[in-house]
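Comments concern the structure below.
What follows is calculated from the coordinates using simple rules that are stated; it is not laboratory data. Please read all numbers here as calculations on a predicted model, not as lab measurements. Counting neighbours? That spans all protein chains shown, and the Cβs are built from the backbone with ideal geometry, glycine included.
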Amino acid sequence: QVQLVESGGGLVQPGGSLRLSCAVSGRIFSSAAMGWYRQAPGEQRELVAVITSGGSTNYADSVKGLFIISRDNAKNTLYLQMNNLKPEDTAMYYCNMKAFAFNSWGQGTQLTVSS
């Protein structure tokens, strides 16, 4: 069974930076397409960024040039570097893995951007 565990959320002032991590158990991480999604209260979950097994990336327009998704296959870990954070980035951030028959989610980590 695959498990995804996010960490790194917290309270950040506007303009600040933060890095989220997602540790993935199992042996299929390197073959998986990974993504970060977020969901604000009362809103639908939305895609933030994805990275393929080959390292190609794609971002939501709202975070292009501000967020960077990356992966370390040796550590089975996905990252999201978030820069110049804004109050509208406040949300629960979820890690997602798609590989073979798996479509798995983590439990989420909360980011709050506020002064």
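Arranged from highest to lowest average of other beta-carbon atoms within 10 Å per residue, in what order do the peptides 16-23, 50-57, 95-102 appear? Mind showing how you got there, number by number?
Details: 16-23: 17.8, 50-57: 13.5, 95-102: 16.1.
So the order, starting with the most tightly packed, is 16-23, 95-102, 50-57.
Relative to a virtual label point 7 Å from the Cα of Ser114 in the Cα→beta-carbon direction, which members of the stretch 11-27 show backbone nitrogen distances below 15 Å?
Under 15 Å, as judged by backbone N against the label point of Ser114, lie 11-14 of the stretch 11-27.
Taking the stretch 55-108 on its own, what percent of its Cα-Cα pair distances exceed 13 Å?
On the way: 1001 of 1431 pairs.
Counting every Cα pair in the stretch 55-108, those more than 13 Å apart make up 70 percent.
Suppose every K and R has +1 on its Cβ and every D and E has -1 on its Cβ; what is the size of the dipole of the chain about the Cα centre, in Debye to the nearest 20?
In total the dipole reaches around 300 debye.
Normalise the Cα radius of gyration of the chain by 2.2 N^0.38 Å (N = residues in it) and let me know the number. Let's see the in-between values first.
Values: Rg = 13.4 Å, N = 115, 2.2 N^0.38 = 13.4 Å.
Rg over 2.2 N^0.38 Å, computed on Cα atoms: 1.00.
Going 7 Å from the Cα of Asn83 in the Cα-to-Cβ direction, what parts of the stretch 46-77 have a backbone nitrogen less than 18 Å from that spot?
From the stretch 46-77, the list is 49-50, 57-71.
Of the options Gly10, Pro87, Ile69, report the single residue whose Cα projects farthest towards the positive end of the charge dipole of the stretch 1-108 (beta-carbon charges: Lys, Arg +1; Asp, Glu -1).
The residue sitting farthest along the positive end of the dipole is Ile69.
Find the eigenvalues of the gyration tensor of the Cα atoms of the stretch 19-86, then list the square roots of 5 times those eigenvalues as equivalent ellipsoid semi-axes, largest first, in whole angstrom.
Numbers: eigenvalues 92, 34, 25 Å².
Its equivalent ellipsoid spans semi-axes of 21, 13, 11 Å.
Show me 108-114, 79-85, 62-68 ranked by packing, highest mean number of other Cβ atoms within 10 Å first.
79-85, 108-114, 62-68
Over the chain, what relative contact order in percent results from Cα pairs under 8 Å that are six or more residues apart?
38
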